Amino acid sequence: QVQLVESGGGLVQAGGSLRLSCEASGRTSSMYKMGWFRRAPGKEREFVGRILWSGGTTYYADSVKGRFTISRDNAKNTVYLQINSLKPEDTANYYCAAQNEYNPINSPSSYEYWGQGTQVTVSS
């Protein structure tokens, strides 16, 4: 089992930045990847990006490339999502997710463990 706890969300003005954190605990030694997703009101959950736990390779959705950066601190079992140049359309609940087994797909179903989410609200 892996437990995930997100933090760092809040209310920010458009153009601002936020750094979200996701701390993992439990069976983290065999983790393959951690991903970030978001769900805006009235919309389906959207893949944002992911990082491979070993090696740190990242992959992003086209919609966030250039503004979102995922990084990790293995010693702290924590993954970060840096969001720059925030836009009102970035308003959503942001979730981190983890998967222990190899799975190259980036859909929500390819992740076994989920956090509770942290709300990001961007005012115009």
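The values are calculated or read from the model by the stated rules, or taken from the named source; none is laboratory data. Please read these numbers as outputs of a predicted model, since none were measured by experiment. Reconstructed Cβ throughout: ideal geometry from the backbone, glycine too, with neighbour counts over all protein chains shown. Side chains included, ligands, DNA and RNA excluded: accessible areas come from the protein's heavy atoms. Shrake-Rupley method; radii C 1.70, N 1.55, O 1.52, S 1.80 Å.
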For this session: Arrange the peptides 29-40, 13-24 so that the one whose residues have, on average, the most other Cβ atoms within 10 Å appears first.
Result: 29-40, 13-24
Problem set entry | For VAL120, net neighbour charge (Lys/Arg +1, Asp/Glu -1) across residues whose Cβ lies under 9 Å away | 0
Seminar exercise, completed: Restricting to lysines and to Cα separations under 20 Å from LYS87, and discarding same-chain partners fewer than 8 apart, the set is LYS43, LYS65
For this session: Using a 1.4 angstrom probe, figure out how much accessible area the chain has per residue, in square angstrom, rounded to the nearest whole.
Result: 51 Å²
For this session: Sticking with the crude label model, points 7 Å out along Cα→Cβ, report the distance from TYR102 to SER7 in nm, one decimal please.
Result: 3.5 nm
Exercise. What length, rounded to one decimal in nm, is gained on full extension from ASN74 through to GLN119, with 0.36 nm per residue of separation minus their alpha-carbon distance?
Worked result: 13.8 nm
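Please tell me the relative contact order of the chain in percent, rounded to the nearest whole number, where contacts are Cα pairs under 8 Å and at least six residues apart.
Working: 304 pairs, mean separation 44.6, N = 124.
Once normalised by length, the contact order is 36 percent.
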For this session: Run down the lysines and flag those whose C-alpha is under 25 Å from the C-alpha of LYS76, throwing out any fewer than 8 positions away in its chain.
Result: LYS33
